[in-house]
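Accompanying notes for the structure given below.
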Amino acid sequence: MENNEVEKNSGERRFARRYETKDVLVYIRYLKKINWLNRFTGPCILDDITISSVRFVCPKNFLAKSQVVIKLASYSLNSKFMVKGKIIGKKADLFENKYKYVVQFNPYGKGLKYNSFQSKEKLERFFESIESDENF
């Protein structure tokens, strides 16, 4: 089954393209009005990414359902940008002291909790560059 195909008999309900890449680094911090003293935690290990969410493993414990800022950096693709989102899934592995997070991106608009339209364009260019690397 290819990345964007869904079998009719399978239980798969997600239709967005999911990309699994290991050369993308994820940094995370809480979304606050003043973030000068609040540094990013990372780099974290990226599991997969879609146009609307990201899944990664991080050693720091963040609160579930909290607003966060995610910085995605890929040095092989020469791309770096920030996206705001909300933690919608959290799974703890206390033996290894790691937490697996699912962060859904916030809608695009104006305001503190919304993503800018420039970040949407950067995210779309990021996916285009991943697709062009997969074709080679």
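The values are calculated or read from the model by the stated rules, or taken from the named source; none is laboratory data. Nothing here was measured: the structure is a model prediction, and the numbers come from that model. For neighbour counting, all protein chains shown are included, and Cβ atoms are generated from backbone atoms with ideal geometry for every residue, glycine included. SASA here: full protein model, heavy atoms, side chains in, ligands and nucleic acids out. Shrake-Rupley method; radii C 1.70, N 1.55, O 1.52, S 1.80 Å.
Some observations on this one:
- Bridging of Lys86 to lysines at a Cα separation below 23 Å is possible for Lys22, Lys32, Lys33, Lys60, Lys65, Lys71, Lys98, Lys100, Lys110, Lys113, Lys120, Lys122, once same-chain residues fewer than 8 apart are set aside.
- Net charge of Cβ neighbours under 12 Å - reference Asp47; Lys, Arg +1; Asp, Glu -1: +4
- A Cβ-based charge dipole, computed about the Cα centre of the chain with Lys and Arg at +1 and Asp and Glu at -1, lands at about 1160 debye.
- Exposure ranking of Asp23, Asp48 by accessible area [1.4 Å probe, largest first]: Asp23, Asp48
- Accessible surface of the chain [probe 1.4 Å, protein heavy atoms]: carbon and sulfur percent: 51
- Hydrodynamic analysis of the chain uses the Kirkwood radius over alpha carbon pairs. Inserted into Stokes-Einstein at 37 °C and 0.692 mPa s, it gives a translational diffusion coefficient of 207 µm²/s.
- With the convex hull drawn around the C-alpha atoms of segment 62-120, the volume per residue stands at 89 Å³.
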